[in-house]
Amino acid sequence: MQCPCCERRWGSFIPAWNRPDAICPGCGSHERHRALWLYLAEHTSLGDEPMSLLHFAPEYALRGRMEALPGLRYVTADLDPDGVDVQLDITAMPFDDDAFDAILCSHVLEHVPDDRAAMSELHRVLHPDGWALVLVPLDLARESTYEDFSVTAPEDRVREFGQDDHVRMYAPDIVQRLEGAGFDVVTDRFVEQLGEERRRRHGLLVEDLIFRCTHPSS
């Protein structure tokens, strides 16, 4: 197996609590991190031209690759100020309109009670010619996103949403929420299109869909 984030090879990846071959023993990347890096490398101009990128809750496995890219103004942000450039609330960001050419928002929105406000802010700070990549935990068997704000106990959130700090379980209809914020959205089944051999070699999951968001004029 080969991790595209750190480029090291292994006999296998480390199992997570609920699935095998999930975590790279070198850089700690999970399936979604490896899928996202492959997508960035193969389907964007990141590193080929100067641009600014805002990265929420930057993952260790991706951050090092981003920081090494030439010509990239790389800004990291999180509600937790530890280890990021900007502490912020994603629903009320301290940036000007059209401030960034690209945005990475992976497995963040499921933590945010007012996700529609967060999506509107992503739209506001994204340059009209830019793109934002959104990933969330998905239940592909659901027709509609499930949220119940009366569920507050950690054990109940684990049961209902999969993790004790999640406030919803998304379905593919997240597209409608993103469109409601003003985006044009393409649901990219990038991992599925890679083929079985590459999915196995990189330890990827077909359910890790990537929602590519742009302004309608772009």
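The values are calculated or read from the model by the stated rules, or taken from the named source; none is laboratory data. Remember, it's a predicted structure, so these values are computed and weren't measured experimentally. In this analysis, Cβ positions are derived from the backbone assuming ideal geometry, glycine residues included, and neighbour counts consider all displayed protein chains.
Every listed requirement among (1) within 20 Å of V136 (Cβ to Cβ); (2) not in a loop (DSSP other than H, G, I, E, B) is met by P172 save one, (2). Say we look at the range 141-174 and pick out the residues that are over 22 Å from R19 (Cα atoms) and among the acidic types (D, E); which of these is farthest from the chain's Cα centre (by Cα)? Checking each candidate, the answer is D148. For the range 20-52, the candidate set comprises residues that are free of Cβ contacts under 8 Å to residues at least 12 places away in the same chain and assigned to a strand (DSSP E or B); within that set, the residue that is farthest from M66 (Cα to Cα) is P20.
Of all the listed residues (G182, G130), the sole one being outside any helix (DSSP H, G or I) and in contact with a Pro (Cβ under 8 Å, 6 or more places away or on another chain) is G182.
Report yes if A118 is touching a residue at least 60 places away in the same chain (Cβ under 8 Å), buried (at least 16 other Cβ atoms within 10 Å of the Cβ) and not polar (S, T, N, Q), otherwise no. Spelling it out, it is not the case that A118 is touching a residue at least 60 places away in the same chain (Cβ under 8 Å), buried (at least 16 other Cβ atoms within 10 Å of the Cβ) and not polar (S, T, N, Q). Of the residues making up the range 87-106, those that are among the β-branched types (V, I, T) and either touching an Asp or Glu at 6+ places or on another chain (Cβ under 8 Å) or part of a loop (DSSP other than H, G, I, E, B) (or both) number 2. If you check R159, R142, R124 for being surrounded by 15 or more Cβ atoms within 10 Å (Cβ to Cβ) and outside any strand (DSSP E or B), only one passes: R124.
Against the condition touching a residue at least 60 places away in the same chain (Cβ under 8 Å), under 30 Å from D97 (Cα atoms), surrounded by 18 or more Cβ atoms within 10 Å (Cβ to Cβ) and among the basic types (K, R), how does R65 come out, does it pass?
Details: touching a residue at least 60 places away in the same chain (Cβ under 8 Å): yes; under 30 Å from D97 (Cα atoms): yes; surrounded by 18 or more Cβ atoms within 10 Å (Cβ to Cβ): yes; among the basic types (K, R): yes.
When the stated conditions are applied, R65 passes them.
All told, A102 falls short of being surrounded by 20 or more Cβ atoms within 10 Å (Cβ to Cβ) and either touching a helix residue (DSSP H, G or I) at 6+ places or on another chain (Cβ under 6 Å) or aromatic (F, W, Y) (or both).
Pairing residues of the range 179-207 that are at pLDDT 95 or above with residues that are loosely packed, with under 13 Cβ neighbours inside 10 Å, at Cβ distances under 6 Å and at least 6 apart in sequence or on separate chains, gives D184/P216. Reported count of residues in the range 208-218, each being surrounded by 14 or more Cβ atoms within 10 Å (Cβ to Cβ) and either modelled with pLDDT under 95 or outside any strand (DSSP E or B) (or both), is 3.
For the range 53-62, enumerate the residues that are buried (at least 20 other Cβ atoms within 10 Å of the Cβ), of a type outside the set (G, A, S) and not in a loop (DSSP other than H, G, I, E, B). Can you show your working first?
First pass over the range 53-62, keeping only residues buried (at least 20 other Cβ atoms within 10 Å of the Cβ): 53-56, 58-59, 61-62.
Pick out the ones that are also of a type outside the set (G, A, S) and you get 53-56, 58-59, 62.
Result: L53, L54, H55, F56, L62.
Out of all the residues in the range 69-79, is one or more surrounded by 14 or more Cβ atoms within 10 Å (Cβ to Cβ), touching a residue at least 24 places away in the same chain (Cβ under 8 Å) and in a loop (DSSP other than H, G, I, E, B)? No: zero hits.
Take the conditions surrounded by fewer than 19 Cβ atoms within 10 Å (Cβ to Cβ) and in a helix (DSSP H, G or I) and apply them to R198. Does it pass? Full working, then the answer.
Details: surrounded by fewer than 19 Cβ atoms within 10 Å (Cβ to Cβ): yes; in a helix (DSSP H, G or I): yes.
Yes.
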